[in-house]
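Peer 1: Could you have a look at this structure, given as structure tokens, before my questions?
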């Protein structure tokens, strides 16, 4: 993991933060590798993105002010100027907060002095900047965005790779039926329970395993990655019966399923995050992840060394065949 962290830190595009981050590589070695420096890399990426947003807002504000000089009575331009000024203030405040967190991390480790870090003083409680290393951003798995995933992926050395070849060779199962959705949302107990029954018919579980309504355990896939805390669960999961009976389904995961009534809402980033946390909880089972409308749209993901491979199935018949073949493996 260490090489991925240092690769990011040595990127010339990040040089503007070198004054704050000279401690990071040494800290990674002292703490035992790249995992400990995840938070620093993640904050750097956020700072990079905020810098770009600030520059974009400043450019937009400059253009608006020029237009306002030509049309001083234009109320729409006045409102736009006020909006941009407020947005710029919010971004600068957020940016300062992130820089303070990086500085506080350096100070708490004794790697830089308060003067080198810009005068940030350690706090005596966990609510101030000095407590930043003990806390981290909390992100819902269902609401994760590309920027957040990029930070996680670079810290862990993970890349999502779409592939055109199925994870294994399997016969298509044509004697299947489409799922009948109820008007409620995908995560509603009515639809989740019906999905469990449907999967029991289409993809019968092996002995001592069972389809589980994981929407009832809201933190099943929650995981702290040091740099970020991920909160959430899947809609349905295939687990070992022992794990379900022990109310610890996350320790017996084989498949995690995210339901989407509308195929336009399929989110590969959300699915990749579920796959990541599922494999952290149940590494010996090497679980796979599936996002589907339970009709003709099925997308599968699985871990392959430093890659997350993604395969969009050609239809329900192929998807059911692949899942059945997967469960026949020892």
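The values are calculated or read from the model by the stated rules, or taken from the named source; none is laboratory data. Values in this document were obtained by computation on a predicted structure and should not be read as measured data. Every residue, glycine as well, gets a Cβ built from its backbone with ideal geometry; the counts of neighbours run over all protein chains shown.
Peer 1: The conditions are (1) under 27 Å from the mean Cα position of the chain (by Cα); (2) surrounded by fewer than 12 Cβ atoms within 10 Å (Cβ to Cβ), and residue 169 fails exactly one of them. Which is it?
Peer 2: (1)
Peer 1: For segment 236-253, what are the residues that are surrounded by 23 or more Cβ atoms within 10 Å (Cβ to Cβ) and not in a helix (DSSP H, G or I)?
Peer 2: Those that are surrounded by 23 or more Cβ atoms within 10 Å (Cβ to Cβ) and not in a helix (DSSP H, G or I): 236, 237, 238, 239, 253.
Peer 1: Still on this structure: Exactly one of these conditions fails for residue 261: (1) under 24 Å from residue 140 (Cβ atoms); (2) assigned to a helix (DSSP H, G or I); (3) more than 20 Å from the chain's Cα centre (by Cα). Give me its number.
Peer 2: The single condition residue 261 does not satisfy is (2).
Peer 1: Whether any residue in segment 269-285 is assigned to a strand (DSSP E or B), closer than 17 Å to residue 323 by Cα and touching a strand residue (DSSP E or B) at 6+ places or on another chain (Cβ under 8 Å) is what I want to check. Reasoning before the result, please.
Peer 2: Step one: filter segment 269-285 for residues assigned to a strand (DSSP E or B), giving none.
Scanning segment 269-285 turns up no residue that is assigned to a strand (DSSP E or B), closer than 17 Å to residue 323 by Cα and touching a strand residue (DSSP E or B) at 6+ places or on another chain (Cβ under 8 Å).
Peer 1: A follow-up question, please. Could you tell me which numbered condition residue 73 fails, if it satisfies all but one of (1) modelled with pLDDT of 50 or more; (2) under 30 Å from the mean Cα position of the chain (by Cα); (3) part of a loop (DSSP other than H, G, I, E, B)?
Peer 2: (2)
Peer 1: Quick one: residue 230 ticks every box in (1) in contact with a helix residue (DSSP H, G or I) (Cβ under 9 Å, 6 or more places away or on another chain); (2) at negative phi; (3) in a loop (DSSP other than H, G, I, E, B) bar one, so which box is it?
Peer 2: Checking residue 230 against (1) in contact with a helix residue (DSSP H, G or I) (Cβ under 9 Å, 6 or more places away or on another chain); (2) at negative phi; (3) in a loop (DSSP other than H, G, I, E, B), the one that fails is (3).
Peer 1: Collect the residues in segment 178-201 that are under 15 Å from residue 292 (Cα atoms) and either assigned to a helix (DSSP H, G or I) or out of contact with any helix residue (DSSP H, G or I) (no Cβ under 6 Å at 6 or more places or on another chain) (or both), keeping them in residue-number order.
Peer 2: 178, 180, 181, 185, 186, 191, 192, 194, 195, 196, 198, 199
Peer 1: Turning to a different aspect of this structure: From the list 299, 313, which one is in contact with a helix residue (DSSP H, G or I) (Cβ under 8 Å, 6 or more places away or on another chain), touching a residue at least 40 places away in the same chain (Cβ under 8 Å), more than 16 Å from residue 221 (Cβ to Cβ) and crowded, with 18+ Cβ neighbours inside 10 Å?
Peer 2: Numbers: 299 fails: touching a residue at least 40 places away in the same chain (Cβ under 8 Å).
Going through 299, 313 in turn, just one is in contact with a helix residue (DSSP H, G or I) (Cβ under 8 Å, 6 or more places away or on another chain), touching a residue at least 40 places away in the same chain (Cβ under 8 Å), more than 16 Å from residue 221 (Cβ to Cβ) and crowded, with 18+ Cβ neighbours inside 10 Å: 313.
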